[in-house]
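Encoded as structure tokens, the structure appears first; notes follow it.
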Amino acid sequence: MSFNISRTGRAVLHVTDLEASRKFYVDGLGLYETESDDNHIYLRGYEEQGHHSLLLKKAAKQAVEVISYKVYDDSDLDKIEQVAQENNLPYKWVEKGEQRAIGRAIRMQDVSGLPLEFYAEMEHVDSLMQRYDLYKGARIQRIDHLNCLVPDVQKAYDFYHKEFGFRASEYTEDDEGKLWAIWTHRKGNVHDQAFMNGDGPLLHHVGFWLPDPLALIHACDVLASMGMADNIERGPGRHGLSNAFFLYLRDPDGHRIELYFGDYFTGDGDFKPKRWSVHDKTRQTFWGHEAPDSWFDEASTLLHVITGEEVKQEKAKLTLYKPDFTM
């Protein structure tokens, strides 16, 4: 790899009701609204210096337009075009000025069918990290990671490791030693991109980093007081895998958001990834409580970067598995 992907950059979600989304994301979760118009809401965490890390676009139907990575330099984008060409992957350029606050970008449909976007330039804004007077809801600091369901986890990991330089931090194997799920990173914590075995491709969730674990509890209190307790899907809890505190939420259109805090450093060159058995229930919930069926069975539809149509799903290559908490 002769280019540098820095980190997870942003997600672009299609939503059907901007006001309902604003109530959830801004009033409930406390993301900061950089700006908006009749068809868009641009949101960011308090410490971020980029214009936005979540873009909500009004549409007739919920979907995921792209999931994005920031690269170090604009010249990296030309090298990513070569990756698309060498792997015969659909791609297109989006020139500077076609998207609010974004420089030129390249969009690519990856080997699993995920709609990716890469960009180097985003309009700078002032960090609000020490504007504690503005903090609301979960006090979200920044975007952290993306998690996707793919039908062939090994295929996805091989591509991201070879072509994009993603490194594994933790992984899950089935009884035959086949890769069932994997957590990969660029920025040196547990993950920028996770892949889980499932019918797909689908976006399972977008993860956001919090300032402390108490922000998880406060987010639950705020949402419940707003009459939005039903939007809380799973948690609060602690993952075995990653060791992080978590809370999973569903927005008004069903997109899943994870609030996340407390993983660890993985940036050393000799870091050894941790293996988990698919039968170890503590990998998902270290404290032992069970996830709802929706967490395993539901996720967000993806759009093709060229046609804009829904990406066709394939059946998972490996057996689907939900931990047994009755034992």
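Brief remarks follow.
Here is a yes/no grid of residues against (1) of a type outside the set (Gly, Ala, Ser); (2) out of contact with any His (no Cβ under 7 Å at 6 or more places or on another chain); (3) open to solvent by 20 Å² or more (accessible area, probe 1.4 Å); (4) not in a loop (DSSP other than H, G, I, E, B):
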site	(1), (2), (3), (4)
ARG139	yes, yes, yes, no
ILE143	yes, yes, no, yes
TYR171	yes, yes, yes, yes
LYS187	yes, yes, yes, no
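- Only listed residue being farther than 23 Å from LYS312 by Cβ, modelled with pLDDT of 95 or more, out of contact with any strand residue (DSSP E or B) (no Cβ under 8 Å at 6 or more places or on another chain) and not in a loop (DSSP other than H, G, I, E, B), chosen from LYS70, LYS79: LYS79
- In the range 90-105, the residues that are within 15 Å of ASP76 (Cα to Cα) form Cβ pairs under 6 Å with partners that are assigned to a loop (DSSP other than H, G, I, E, B) and of a type in the set (Asp, Glu), at six or more places apart or across chains, as follows: GLY103/GLU121; ARG104/GLU95.
- Put simply, of GLY288, GLY308, GLY240, GLY235 the only residue that is surrounded by 14 or more Cβ atoms within 10 Å (Cβ to Cβ) and at positive phi is GLY235.
- Restricting the range 238-266 to residues that are in a loop (DSSP other than H, G, I, E, B) and in contact with a Gly (Cβ under 8 Å, 6 or more places away or on another chain) leaves a set whose member that is nearest to PHE208 (Cα to Cα) is ALA244.
- Test: PHE246 is within 19 Å of the chain's Cα centre (by Cα), open to solvent by less than 70 Å² (accessible area, probe 1.4 Å) and modelled with pLDDT under 95: no
- Checking each residue in the range 277-295 for being touching a residue at least 40 places away in the same chain (Cβ under 8 Å) and out of contact with any Gly (no Cβ under 8 Å at 6 or more places or on another chain) picks out SER277, VAL278, HIS279, ALA291, PRO292, SER294, TRP295.
- Pair list, Cβ under 6 Å, 6 or more apart: the range 310-321 residue farther than 17 Å from GLN154 by Cα, other residue in a loop (DSSP other than H, G, I, E, B) and of a type in the set (S, T, N, Q): GLU310/THR301
- Single residue of TYR42, TYR46, TYR72 found to be open to solvent by 30 Å² or more (accessible area, probe 1.4 Å), on the phi < 0 side of the Ramachandran plot and among the aromatic types (Phe, Trp, Tyr): TYR72
- Residue match in the range 173-185 (condition: buried (at least 19 other Cβ atoms within 10 Å of the Cβ) and over 27 Å from VAL66 (Cα atoms)): no
- The one condition in (1) among the hydrophobic types (A, V, I, L, M, F, W, C); (2) open to solvent by 10 Å² or more (accessible area, probe 1.4 Å); (3) not in a loop (DSSP other than H, G, I, E, B) that LEU89 fails to fulfil: (3)
- Checking each residue in the range 296-309 for being touching a residue at least 60 places away in the same chain (Cβ under 8 Å) and assigned to a loop (DSSP other than H, G, I, E, B) picks out ALA299, THR301, HIS304, VAL305, ILE306.
- Members of the range 17-42 that are farther than 23 Å from MET129 by Cα and more than 20 Å from the chain's Cα centre (by Cα): ASP17, LEU18, GLU19, ALA20, ASP37, ASP38, ASN39
- Among the residues of the range 23-38, none qualifies, meaning not one is in contact with a strand residue (DSSP E or B) (Cβ under 9 Å, 6 or more places away or on another chain), open to solvent by 30 Å² or more (accessible area, probe 1.4 Å) and among the basic types (Lys, Arg).
- Here the condition is being of a type in the set (Lys, Arg), under 18 Å from the mean Cα position of the chain (by Cα) and open to solvent by 40 Å² or more (accessible area, probe 1.4 Å); of ARG167, ARG107, it holds for ARG167 alone.
- Residue in the range 215-232 that is touching a residue at least 24 places away in the same chain (Cβ under 8 Å), touching a strand residue (DSSP E or B) at 6+ places or on another chain (Cβ under 7 Å), buried (at least 20 other Cβ atoms within 10 Å of the Cβ) and in a strand (DSSP E or B) present: no
Per-residue answers, yes or no, for (1) open to solvent by 40 Å² or more (accessible area, probe 1.4 Å); (2) under 25 Å from GLY113 (Cα atoms):
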site	(1), (2)
TRP209	no, no
THR266	no, no
PHE271	yes, no
ASP280	yes, no
SER294	no, yes
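The values are calculated or read from the model by the stated rules, or taken from the named source; none is laboratory data. None of the values given here were measured: they were computed from a predicted structure. Here Cβ is always computed from backbone atoms with ideal geometry, including for glycine, and neighbour counts include all displayed protein chains. Side chains are part of the model used for accessible areas, which takes the heavy atoms of the whole protein and leaves out ligands, DNA and RNA. Shrake-Rupley method; radii C 1.70, N 1.55, O 1.52, S 1.80 Å.
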